[in-house]
1. So, restricting to helices (runs of 4 or more DSSP H) that lie completely within the stretch 419-502, which ones have at least 1 residues that are closer than 18 Å to ALA31 by Cα and modelled with pLDDT of 95 or more?
2. Quick one: in the stretch 372-420, of everything that is more than 16 Å from the ligand (Cβ to nearest atom) and open to solvent by less than 10 Å² (accessible area, probe 1.4 Å), which residue is nearest to SER304 (Cα to Cα)?
3. With respect to GLY348, determine if the residue is away from the ligand (no atom under 16 Å from the Cβ) and either surrounded by fewer than 24 Cβ atoms within 10 Å (Cβ to Cβ) or within 21 Å of GLN452 (Cα to Cα) (or both).
4. Just one of LEU87, LEU98 is outside any helix (DSSP H, G or I), open to solvent by less than 10 Å² (accessible area, probe 1.4 Å) and more than 16 Å from the ligand (Cβ to nearest atom); which is it?
5. Would you call LEU19 of a type in the set (A, V, I, L, M) and farther than 23 Å from PHE459 by Cα?
6. Please go through the stretch 146-173 and pick out each residue that is outside any loop (DSSP other than H, G, I, E, B) and within 26 Å of PRO27 (Cβ to Cβ).
7. Among the residues in the stretch 58-71, are any touching a residue at least 40 places away in the same chain (Cβ under 8 Å), of a type in the set (D, E, K, R), on the phi > 0 side of the Ramachandran plot and touching an Asp or Glu at 6+ places or on another chain (Cβ under 9 Å)?
8. Mind checking whether some residue in the stretch 273-280 is open to solvent by 40 Å² or more (accessible area, probe 1.4 Å), under 15 Å from PRO347 (Cα atoms) and not aliphatic (A, V, I, L, M)?
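The values are calculated or read from the model by the stated rules, or taken from the named source; none is laboratory data. If you're wondering where the values come from, they're calculated on a predicted model, not measured in any experiment. All Cβ positions, even for glycine, are placed from backbone atoms using ideal geometry, and neighbour counts span all protein chains on display. All accessible areas refer to the heavy atoms of the entire protein, side chains included, with ligands and DNA or RNA removed. Shrake-Rupley method; radii C 1.70, N 1.55, O 1.52, S 1.80 Å.
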Amino acid sequence: MKILYVTSEAVPFCKTGGLADVAGSLPPALAEQGAEVAVVLPLYARVRDRFGSQLKFECYDYVDLAWRHNYCGLFSMEKDGVTWYFLDNEQYFNRSALYGQSDDGERFAFFSRAVVRMLDHFKFWPEVVHCNDWQSALVPIYLKDDGVREERYRSIKTVVTIHNIEYQGRYNPYVLGELFGLDAGWAKDGTILLDGDANLLKGAILCADAVNTVSPTYANELKMPYFAHRMEGVMRQCSEKLSGVLNGIDMKLYDPRTDGRILKNFSAEDTAGKDACKAELQRMVGLREDPQTPIVAMVSRLVSHKGLDLICEVLHDMMELPMQLVVLGTGDQRYEDFFSWAAQQYPGRMSVRMDYNEDLSMAIYAGADLFLMPSKSEPCGLSQMIAMRYGTVPIVRETGGLKDTVQPCESWRDAGNGFSFANYSSGDMLHVIREAVYLYKDYPDVFGRLRQRAMSCDFSWARSAREYLRIYATITGQAWPIHTDTRRALEIPPEEAAPAEESAPVKEAAPVEEAASVEEAAPAEEAAPVEEAAPAEESAPVEKPVPAEEAAPAEEKPAKKTRKTASKSASKAAKADKKTEKKTSSKKGTAGKKKSAE
Ligand code: GLC
């Protein structure tokens with residue numbers, strides 16, 4: 001299975017949010033399961049500065065988009081079993097910020113067009129192109145456009161992952177031709193149009209063969225106006241190809257037993273080191289050194305959808321409880337002002353750092369006792385998983401990935417791995433905070449077992465990678481790619497591997513309720529033995545076993561029957577010629593760039 005993963009950010013190269021964590025971990029996890037994976041990213045200034053010396057120049061080409069004819073360089077790097085490609089155009093990407101520029105539309109249209117253009121130069125012709133968020137949303141659209149003329153583009157299946165539906169890439173439809181190089185038909189037939197705007201994410205959702213979000217609950221929520229930012233109709237329309245795949249975290253990077261970033265290592269069995277981390281945290285942020293008082297922590301962007309209004313409403317009631325509060329993050333002025341002001345009211349009991357600081361965030365994950373995430377909406381959320389791994393018990397609102405990863409504590413039967421509340425209500429939040437604080441203070445043994453269960457949860461990427469591979473298998477009509485090694489890892493006896501004809505797994509196309517499996521977030525020891533290992537007949541909801549071709553959305557544009565103009569091998573030969581012809585003359589590249597800038 002050949003997968004091209006398209007993303008606008010990835011750890012360790014460039015990061016503004018959770019997408020980077022996912023894009024840094026999922027491709028290696030797919031490769032580990034036997035897929036051939038390449039990732040493609042823009043070559044931002046920060047990538048060039050930090051990784052420039054490790055990048056290999058492959059070749060360059062020109063990208064035609066509307067009236068523009070722009071240089072595109074291709075660099076690569078091998079890491080973790082994956083080829084990481086970087087597309088170079090200094091005019092668009094040699095800037096310090098990743099996004100938030102007035103020409104973002106043009107920059108990411110170039111990026112998406114360039115991904116399709118550079119397919120000829122990648123190490124393989126992909127079977128699946130997997131895009132993420134609005135920045136690469138034009139890729140499935142361009143593939144459809146090009147597919148009208150060339151079969152080889154039609155052969156590529158596409159997946160779109162929505163990490164946060166709030167960001168859709170909305171533009172005046174007037175710019176469709178000039179900026180995106182698309183003809184007016186794309187807006188006229190409604191494919192790319194929503195509420196009068198050209199909406200790139202909507203176009204991608206309609207064009208993709210499979211669409212997913214980053215948790216099963218969020219996939220369901222997206223069908224409701226409260227969460228969908230006006231896309232609920234589109235999501236409902238696409239529910240057959242929509243699923244929710246819970247993100248994972250890097251279990252090796254975030255391992256309290258070995259993490260060199262924290263003061264003292266510890267484990268679920270022996271949490272003595274955590275006490276030391278707690279004392280250190282209290283010293284670091286100016287909280288009173290008191291081992292008996294629980295520290296409630298927040299590491300968050302200070303923006304509205306993180307549920308900060310709830311905290312503003314009842315902060316003083318919270319601070320009447322025998323607890324300490326530490327907040328780390330930056331964001332909207334009004335929240336920064338509120339938290340700074342509030343911290344002054346509770347010296348030694350409340351500490352606020354307006355900062356984006358990896359080291360301090362690790363000290364908090366390791367040293368705090370409770371982790372508060374009362375989000376209004378949360379597609380997946382990674383910090384609650386990291387917190388749990390470090391024995392910091394989460395208190396969350398039951399939304400999106402928070403609901404799928406945190407099961408409420410039931411002390412009477414020693415179940416659950418955190419605390420949660422359902423309604424977006426400050427009273428309800430206060431109630432569970434109180435419950436958590438008093439469980440910590442009055443029933444340390446029960447709290448200790450709860451902490452242990454949180455720490456033993458399995459949030460590894462391997463599980464999510466298997467779900468993605470199943471989606472890829474569904475849309476390409478391939479057998480579930482079980483390789484000998486994977487089979488061994490999954491402990492599947494050879495005879496159980498599904499034969500190719502039977503495998504058409506349509507599960508991903510099923511309504512999310514079915515695809516969702518809360519079990520997956522359960523502590524490792526409870527996690528159901530990997531469902532994927534079951535023979536295909538069992539794993540697929542047999543209701544509607546549609547062959548992949550039919551399951552794909554109707555082509556938005558009639559695909560004219562054209563002669564196969566370029567076979568893959570022909571293109572490869574041409575590519576080889578081009579490479580020799582162009583050599584690696586950077587001078588020529590600069591000239592090209594100048595030309596295009598004129
Ligand atoms: C976005 C979402 C977050 C999710 C992350 C990775 O940042 O807001 O909930 O964990 O993407 O998918």
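1. 461-476
2. ILE395
3. Values: away from the ligand (no atom under 16 Å from the Cβ): yes; either surrounded by fewer than 24 Cβ atoms within 10 Å (Cβ to Cβ) or within 21 Å of GLN452 (Cα to Cα) (or both): yes.
Yes.
4. After ruling out the rest, the residue left standing is LEU87.
5. Details: of a type in the set (A, V, I, L, M): yes; farther than 23 Å from PHE459 by Cα: no.
For LEU19, the condition - of a type in the set (A, V, I, L, M) and farther than 23 Å from PHE459 by Cα - is not met.
6. Filtering the stretch 146-173 for residues outside any loop (DSSP other than H, G, I, E, B) gives 146-147, 151-154, 157-162, 170-171, 173.
Across the stretch 146-173, the qualifying residues are ASP146, GLY147, ARG152, TYR153, ARG154, LYS157, THR158, VAL159, VAL160, THR161, ILE162.
7. Scanning the stretch 58-71 turns up no residue that is touching a residue at least 40 places away in the same chain (Cβ under 8 Å), of a type in the set (D, E, K, R), on the phi > 0 side of the Ramachandran plot and touching an Asp or Glu at 6+ places or on another chain (Cβ under 9 Å).
8. Step one: of the stretch 273-280, the residues open to solvent by 40 Å² or more (accessible area, probe 1.4 Å) are 275, 280.
If we keep only those that are under 15 Å from PRO347 (Cα atoms) as well, we get none.
No: zero hits.
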